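In what follows, a structure is listed as structure tokens, so that the remarks can point back to it.
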Amino acid sequence: CGVLLPIYRRKGTQGLVDFSENSISNLANNSNYLWVPFIFMWLISFLLMYILHVNYNKHQQMHYHWLQSGQPHGYTVVVQSVPELDRNDDSLSKTFNFIFPGS
């Protein structure tokens with residue numbers, strides 16, 4: 001991550017060239033700067049989890065509101081591959097009442 005480049009570019013392991021100068025491998029093994037990427041990773045992870053949690057709750061509220069609006073597209077289902085003999089109101093009603101009693 002670009003934010004960590006100043007930490008990685010500190011004088012650490014000698015003899016690294018090119019891309020390795022800009023990676024965590026440039027830090028010395030026992031350097032306290034190794035904690036920076038660790039903490040940064042946890043902060044980003046918790047921030048992402050918080051954003052997902054907030055958006056999920058908002059989506060859930062909007063979805064319930066949409067279902068309670070009473071518009072037909074909120075409670076309509078598509079039924080496909082109905083056998084030829086069952087393509088009438090009585091047969092479909094019996095089938096759905098058997099599968100979903102009380103609906």
Residue under evaluation W66, criteria (1) in contact with a helix residue (DSSP H, G or I) (Cβ under 9 Å, 6 or more places away or on another chain); (2) exposed (fewer than 10 other Cβ atoms within 10 Å of the Cβ); (3) among the hydrophobic types (A, V, I, L, M, F, W, C), criterion not met = (2)
request  = Output yes when any residue across the stretch 45-63 is under 30 Å from T95 (Cβ atoms) and surrounded by 10 or more Cβ atoms within 10 Å (Cβ to Cβ), and no when none is.
outcome  = yes
request  = For L16, work out the one condition from (1) at pLDDT 75 or above; (2) surrounded by 10 or more Cβ atoms within 10 Å (Cβ to Cβ); (3) not hydroxyl-bearing (S, T, Y) it doesn't fulfil.
outcome  = (1)
query = Out of the residues in the stretch 61-89 that are among the hydroxyl-bearing types (S, T, Y) and not in a helix (DSSP H, G or I), which is modelled with the highest pLDDT?
reply = S81
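The values are calculated or read from the model by the stated rules, or taken from the named source; none is laboratory data. All figures in this text were calculated on a predicted structure; none of them were measured in a lab. A quick note on method: Cβ atoms are made from the backbone with ideal geometry, for glycine too, and the neighbour counts reach across all protein chains shown.
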